[in-house]
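Colleague: This is the structure I want to talk about, given as structure tokens.
Throughout, read-outs are computed from the coordinates displayed, never taken from laboratory work. Since the structure is predicted, the reported quantities are computational estimates derived from the model, not experimental observations. Cβ atoms come from the backbone with ideal geometry, glycine included; neighbour counts cover every protein chain shown.
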């Protein structure tokens, strides 16, 4: 009899179908909304730009693109399969799409003992502080309206997909003030999307020591911002981190803690 095996196969197929659909929804590959540039001008939907996270969507819930989003899903499924302990956290969430992906994976696998933490000012990026962080000089992302998304908006986005519950935890405020207050002993995934040297370094200082062995450290802006990349290398050098950095796409990078 193969009833049990066939049933398990059906569950795996349905789970994959659900998560594939969530990915398409988060990138809005279904209705294909236009993008917007830094001046606020709209541009037609570009499938290649959306797949590679090279546009700022007007309505999609993530700007990281299909490739980085799928990689995040694979990381989440991997830590579950390998039983890597800990919650998952994203530092810098925008509209919440990447964090929604993490919550969807936990839901698809029936996981009830892990939380998804969303750390953000929910007011956009802070102004650079070049006196203290020279790498951030000129990196003025704080006055771009499209990058500022409220906590209520992010919560509504979770709710729209049926994924807002007590396992979704919001950490509102600047990273230097809030990340050290998070009530979590361990993380299985730490995803950084803070752009600046300051934000990236503060995230690493507070969160990396809690990353479990076998967990993933993911940096969204490693390739696009020199300041972010400098913070990653300064932290790794300071703490003698030797795991190789691997590319996800043109800007995203990660390593797995051993």
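Colleague: Hey, how many Å between the Cα centroid of segment 98-130 and the Cα centroid of segment 209-246?
Modeller: Here the answer is 18 Å between Cα centres.
Colleague: Suppose the chain between residue 48 and residue 78 were pulled fully straight at 0.36 nm per residue; how much longer would it get relative to their current alpha carbon spacing?
Modeller: Values: separation 30, 0.36 × 30 = 10.80 nm, distance 2.68 nm.
The span from residue 48 to residue 78 would gain 8.1 nm if fully extended.
Colleague: Between residue 224 and residue 17, what is 0.36 nm times their sequence separation minus the Cα-Cα distance? Round to one decimal in nm. Kindly include the intermediate steps, with their values, before the conclusion.
Modeller: Numbers: separation 207, 0.36 × 207 = 74.52 nm, distance 3.19 nm.
Contour length minus the Cα-Cα distance gives 71.3 nm.
Colleague: Here is a further query. Residue 144 label point, 7 Å along Cα→Cβ, cut-off 18 Å on backbone N: hits in segment 94-129?
Modeller: Answer for segment 94-129: 94-98, 120-129.
Colleague: Give me the percent relative contact order of the chain, please, defined on Cα pairs under 8 angstrom at least 6 residues apart.
Modeller: Reported relative contact order: 17 percent.
Colleague: Per residue of the chain, what 222 nm ellipticity follows from adding -39500 (n - 2.57) for every DSSP H run with n ≥ 4, rounded to the nearest 500? Don't skip to the answer; put the middle values down first.
Modeller: On the way: 8 runs with 97 residues, N = 258.
About -11500 deg cm²/dmol.
Colleague: Oh, and also: Sort all Cα-Cα distances of the chain into consecutive 5 angstrom bins from zero, then give the percent of pairs in each bin up to the one containing the longest distance.
Modeller: All Cα pairs considered, the percentages come to 1, 6, 13, 18, 20, 18, 12, 7, 3, 1, 1, 0, 0, 0, 0.
Colleague: Rounded to the nearest 0.05, what FRET efficiency is calculated for residue 29 and residue 131 with R0 set to 41 Å and r the Cβ-Cβ distance?
Modeller: 0.45
Colleague: Please give, to one decimal in nm, the separation of the simple spin-label points placed at residue 155 and residue 111, each 7 Å out from Cα toward the Cβ.
Modeller: So the label points at residue 155 and residue 111 sit 2.4 nm apart.
Colleague: Going from the alpha-carbon gyration tensor of segment 24-148, what semi-axes, largest first and in whole Å, does one get by taking the root of 5 times each eigenvalue?
Modeller: Numbers: eigenvalues 151, 91, 27 Å².
So the equivalent ellipsoid measures 28, 21, 12 Å along its semi-axes.
Colleague: I would also like to ask the following. Extension gain residue 247-residue 172, at 0.36 nm per residue separation less the Cα-Cα distance, in nm?
Modeller: 24.1 nm
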